[in-house]
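In what follows, a single structure is set out as structure tokens and then discussed.
The values are calculated or read from the model by the stated rules, or taken from the named source; none is laboratory data. Being a predicted model, the structure only gives us computed values, none of them experimental. Note that we place each Cβ from the backbone using ideal geometry, even for glycine, and neighbour counts take in every protein chain shown. Ligands, DNA and RNA are excluded from the accessible area calculation, which covers all protein heavy atoms including side chains. Shrake-Rupley method; radii C 1.70, N 1.55, O 1.52, S 1.80 Å.
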Amino acid sequence: MTTIQHAAANLPERSHLTAAQGDPFGNARAQLRDAVTILGYDDGMYELLANPRRELTVAVPLHRDSGEMELLIGHRVQHNVSRGPAKGGLRYSPDVTLDEVRALAMWMTWKCALLDVPYGGAKGGIRIDPRHYSCSELERVTRRYTSEISPLIGPDHDIPAPDVGTDEQTMAWIMDTYSVQKGHTVLGVSTGKPVSLGGSLGRATSTSRGVVHVALAALRSRGIQPEGATAAVQGFGKVGRHAARFLHDAGVRIVTVSDQYGAIRADGGLDIAVLEGHVDATGSVTGFADADPTSNDNLLAADVDLLVPAAVEGVIHVGNAMQVKATVVVEGANGPTTPEADRLLNAAGTLVVPDILANAGGVIVSYFEWVQANQAYWWGADEVETRLAKRMLTAWEHVSTHAEKLQVPLRTAATCLAVERVAQAALLRGLYP
Ligand code: GLU
């Protein structure tokens, strides 16, 4: 069932696309500092929100299939739990660092608050390249990691979900390990599970659906109709792939896409269904017959209406921001734009739809999955999609109106709205003792 190990064996080494770049936690704190200044909170509130509530670093020993023992390092960070249980993905990547996990956990807090889902923010990560491990090795890693972080997780405490390098099978192993330890099945301990095991219809494509709902609204706000618009999508994984297909279905011409192995371009537009067949067969967009090879730098600089960075942090930085020609940038990934690059894009008049709004569809449907699991009552696909679209478009309206009112970029408006909700919850709860 797992899709982690695809036909990657014959592919070249990964490019810079997978390398965590810059200082994501510093960037997240800089965004928080801006919001706290605008909102007029004091330094004490800044410090409270700039520092994670709880962190756990664990050693994860693994018996490789070869019989050798190897030690992996994992983290789980709960940034804030003022509004509810901690919520956030689990990342398997060789670039995982504690600071990266801290940044991602903070962004989850803002995302959940902005979309008004009743969670705080968390993130987990293991420093591992999942492509180099067998399915049973990944199962052992996941189960041991789950056991090590079990003091933190639980349906009312902290609820992991898929992120870079993990998938629905990983979530099934987490749910099973936790449940076996408890002695009964606890479906609400993880989200993004297989539909046949308490997952929600629509969860697998929810982040991408959400990205496309706000991307189309953002294009229209700039007077660009989707039919006839052009787009570049960086990353062809869990987010970028479905986003490319939904954009294509909405009439947008996808002229360039990339993944961790390289980029391709077809000015007449890529046939996304055919490209998906190629990716399923080969494990990469590279080598697609109906396109020319290009580079990730060229993709970011493509003369398109819409750019969707849907890979990793820090890919739009001070060194390439001025090359971005897209009218609208919609952040499918978490933290793809550094604060300096953000300033340059804003100064150039580019509309940047921030990650905490643009990619929130995933955690929205995670929330729906948790609600369904807790109620033991399952919704139909239409109900999930209608509720997702409503939440995304309401948040888009809210953030764009607030940005206009404050005369600030969308990211500042979104962060202010989110930070204010979290700060209000913290203030109303007060301090104990
Ligand atoms: N990893 C996803 C994110 O960054 C989903 C998190 C979740 O569903 O809890 O938003």
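Miscellaneous remarks
- Between residue 73 and residue 348, the distance separating the two model label sites (each 7 Å from Cα on the Cα→Cβ line) works out to 3.6 nm.
- Computed FRET value (nearest 0.05) for residue 33 with residue 382, which takes r as the C-beta separation and R₀ as 56 Å: 0.85
- Taking a straight line from the alpha carbon of residue 87, these lysines sit under 19 Å away, with near neighbours fewer than eight places off in the same chain left out: 111, 123, 193, 238.
- For the chain, the solvent-accessible area works out to 39 Å² per residue, with a probe of 1.4 Å and every protein chain left in place.
- Virtual spin-label span in nm between residue 47 and residue 393, 7 Å along Cα→Cβ: 4.6
- Converting phi to 3J(HN,Hα) with the Karplus coefficients 6.51, -1.76 and 1.60 and the offset θ = phi - 60°, the range 380-386 yields x, 4, 5, 5, 4, 5, 4 Hz in sequence order, with x at every glycine or proline.
- Kirkwood Rh and Cα Rg combined as Rg over Rh, evaluated for the range 344-415: 1.12
- Looking at the range 47-82, the GluC sites (Glu not before Pro) that sit in a DSSP loop and have at most 16 other Cβ atoms within 10 Å of their own Cβ are 68.
- Span from the the range 268-332 Cα centroid across to the the range 369-433 one, whole angstrom: 29
- Per residue of the chain, the DSSP helices (runs of n ≥ 4 H) give a summed -39500 (n - 2.57) that works out to -13500 deg cm²/dmol at 222 nm.
- At 1.567 mPa s and 4 °C, Stokes D of the chain from Kirkwood alpha-carbon radius, µm² per second: 60
- Equivalent ellipsoid dimensions for the range 102-258 as semi-axes, Å, which come from the Cα gyration tensor, largest first: 33, 18, 14
- Percent accessible area from carbon and sulfur atoms, the chain, protein chains only, probe 1.4 Å: 52
- Sequence-separation-based contact order of the chain, relative, with Cα cut under 8 Å and 6+ spacing, percent: 18
- The simple spin-label model puts a point 7 Å past each Cα toward its Cβ; for residue 404 and residue 427 those points are separated by 2.7 nm.
- Rounded Å value of the spacing that divides the Cα centres of the range 182-211 and the range 84-122: 17
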